[in-house]
Amino acid sequence: MENINWSDLTFGYMKTDYNVRAYYRDGQWSDLEISESEYFPIHIAATCLHYGQEAFEGLKAFRGQDGKVRIFRMRENALRMQSSAQGILMAQLPVELFERAVVEAVKRNIRFVPPYESGASLYIRPILIGTSAQVGVKPASEYLFVVFVTPVGPYFKEGFKTTPVVIFREYDRAAPLGTGIYKVGGNYAASLVAGEIAHEKGYSAVLYLDAKEKKYIDECGPANFFGIKNNTYITPKSSSILPSITNKSLMQLATDMGMKVERRQIPLEELSTFEEAGMCGTAAVISPIQRVDDVDNHHSYVFSPDGKPGKVCESLYKKLRAIQYGDEPDKYDWVTIVE
Ligand SMILES: *Cc1c(COP(=O)(O)O)cnc(C)c1O
């Protein structure tokens, strides 16, 4: 691409050429529509505006050394969006339509997929919203699905590094039997205040405890948590955590590397026994945790006194990135090559 300085990209928004849309009306989905507009008209009584009928996804496409463009695990995102739709009573999008929309959005904007050497990638953002007019509290009868893309910079501009996170007991992100397991905008609205306070204080994220007992690790704002000890990858089991596709992939890679994998409750105090800890998600793959500050108890759990990422975090990070960029064989069929 002629005018983009790939190395200056951040995790922001840049206009691309096209987005892809589908409409749900009269009980069925339309075919895909290609749009050049960044806008859509919306009814003032649309349910997404009043009652939070909104779900989204986030995935990436990568350009390999061979020049090919690879989309990572899009079927998983399609399935998760179906689960989110079910969770807040929206029309479900067929997996095949979701996949076709994502591939189409990438193809039409192929000039925005950053070159291999830049370490940047193309972020893909599907959204699903209730659009029909409704003032009583009821699900909409019409829905809009949009996929847009935007190039984003490498998450670790100055190299893979650790950051501190913080525990605040006075905020919850999601209720134990609430919508935490769905990727819906409402969960993010609920986490903005705590997130902003954490950022002002120099933390990269809030580490939430379980909302009911405040005893167990839940998740890290927009990322899943994992800890490493005794050659074991340990990640929380909870009814309020978003099932991260990155986490799922890392569990597979940890197994391949000969590690044990445990998905179970993690009592807060167990943090003192972890050799490494990290947050995982599409944006960063892994963001290793320098320390967790339990500010209410004036206690810090330190994983990296010198600020360097642990060995296991680093190997898992490199392994997953290598598959995404096509440097290593895709033995689990995680990657879709855009022809
Ligand atoms: C999207 C998201 C994640 C990360 O999921 P990935 O599929 O790995 O990108 C983790 N937690 C929350 C709350 C999320 O919304």
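The values are calculated or read from the model by the stated rules, or taken from the named source; none is laboratory data. Fair warning: this is a prediction, and the values are worked out from it, not measured in the lab. Positions of Cβ are generated from backbone atoms using ideal geometry, with glycine treated the same way; all protein chains shown enter the neighbour counts. Calculation scope for accessible area: heavy atoms of the full protein, side chains included, ligands and nucleic acids excluded. Shrake-Rupley method; radii C 1.70, N 1.55, O 1.52, S 1.80 Å.
Shown in residue order for segment 145-156 are the 3J(HN,Hα) couplings computed by the Karplus curve 6.51 cos²θ - 1.76 cosθ + 1.60 at θ = phi - 60°: 10, 10, 10, 10, 10, 7, x, 10, x, x, 5, 9 Hz (x for Gly and Pro).
Here's the picture: charge each Lys and Arg Cβ at +1 and each Asp and Glu Cβ at -1 in segment 6-152, and of L97, G136, I44 the one pushed furthest to the positive end of that dipole is L97.
Solvent exposure of segment 91-204, expressed per residue, is 42 Å² of accessible area, with all protein chains present and a 1.4 angstrom probe. Compared with the direct C-alpha span, the chain from K138 to K248 gains 36.2 nm at full extension, assuming 0.36 nm per residue.
Ordered from longest to shortest, the equivalent ellipsoid semi-axes for segment 6-152 are 29, 15, 13 Å, each the square root of 5 times a Cα gyration tensor eigenvalue. Its DSSP H runs of at least 4 residues, each contributing -39,500 (n - 2.57), put the calculated 222 nm mean residue ellipticity of the chain at -7000 deg cm²/dmol, to the nearest 500.
The phi torsions of segment 195-201, fed into the Karplus equation with coefficients 6.51, -1.76 and 1.60 and a -60° offset, translate into couplings of x, 5, 4, 4, 5, 4, 8 Hz, rounded to whole numbers, with Gly and Pro shown as x.
Applying both filters, DSSP loop and at most 10 other Cβ atoms within 10 Å, to the chymotrypsin sites (Phe, Trp or Tyr not before Pro) of segment 1-49 gives Y39. Taking only the C-alpha atoms of segment 33-86, the Rg (one decimal) and the largest Cα-Cα distance, Dmax (whole number), read 15.9, 49 Å. The chymotrypsin sites (Phe, Trp or Tyr not before Pro) of segment 237-339 meeting both criteria, a DSSP state outside H, G, I, E and B (loop) and at most 16 other C-beta atoms within 10 angstrom of the site's C-beta, are Y332. Using θ = phi - 60° in the Karplus curve 6.51 cos²θ - 1.76 cosθ + 1.60, the 3J(HN,Hα) couplings for segment 229-241 round to 7, 6, 6, 10, 9, 10, 9, x, 10, 7, 8, 10, 9 Hz; x is entered for Gly and Pro. Where the convex hull is taken over the Cα atoms of segment 287-339, what is its projected area averaged over directions, in nm²? Mean shadow area of the hull around the Cα atoms is 5.7 nm².
Ignoring aspartates and glutamates fewer than eight residues from K201 along the same chain, the ones with Cα atoms less than 14 angstrom from its Cα are D293, D294. Placing a label point 7 Å from the Cα of E314 along the Cα-to-Cβ direction, the residues of segment 150-171 whose backbone N falls under 11 Å of that point are 160-161.
Database remark: amide H of K229 closer than 5 angstrom to the amide H of I234, E275 (H placed geometrically; neighbours at sequence offset of 5 or more, or on other chains; Pro and chain starts carry no H).
The GluC sites (Glu not before Pro) found in segment 1-101 that occupy coil by DSSP, while having at most 13 further C-beta atoms within 10 Å, are E2, E36, E38. Taking the charge dipole of segment 226-322 about its Cα centre, with +1 at Lys and Arg Cβ atoms and -1 at Asp and Glu Cβ atoms, the residue from T232, Y317, T273 reaching farthest to the positive side is Y317. Relative to one another, the C-alpha centroids of segment 197-276 and segment 32-73 are positioned 28 Å apart. Here the Gaussian network model covers the chain, with springs between Cα atoms less than 10 Å apart; of I286, I42, I234, I42 fluctuates the most.
Per-atom-type breakdown for the chain gives carbon and sulfur 51% of the accessible area (1.4 Å probe, protein chains only). All alpha carbon pair distances within the chain were sorted into 10 Å bins beginning at 0; the resulting P(r) in whole percents reads 5, 24, 33, 26, 10, 1. Taking the empirical scaling 2.2 N^0.38 Å for compact globular proteins as reference, segment 240-282 has a Cα radius of gyration ratio of 1.25. Applying the Kirkwood pairwise sum to the alpha-carbon positions of segment 163-324 produces a hydrodynamic radius of 15.7 angstrom. Note on the chain: with charges restricted to the Cβ of Lys and Arg (+1) and Asp and Glu (-1), its dipole about the Cα centre is near 420 debye. In this simple spin-label approximation, D330 and I44 carry label points 7 Å from Cα along the Cα→Cβ vector, and these lie 4.8 nm apart.
Distant-in-sequence amide contacts of A205, defined by a placed amide H-H separation under 5 Å and a gap of 5 or more residues or a different chain, comprise V166. Scattering from segment 156-205 was approximated by placing one identical point on each alpha carbon and applying the Debye formula without solvent; log10 I(q)/I(0) at 0.15, 0.23, 0.26 1/Å stands at -0.51, -0.91, -1.00.
Rounded to the nearest 0.05, what FRET efficiency do R263 and L177 have when you use their Cβ-Cβ distance and R0 = 22 Å? So, using R0 = 22 Å, E works out to roughly 0.70.
For segment 36-89, the solvent-accessible area of protein heavy atoms averages 48 Å² per residue (probe radius 1.4 Å; ligands and nucleic acids excluded).
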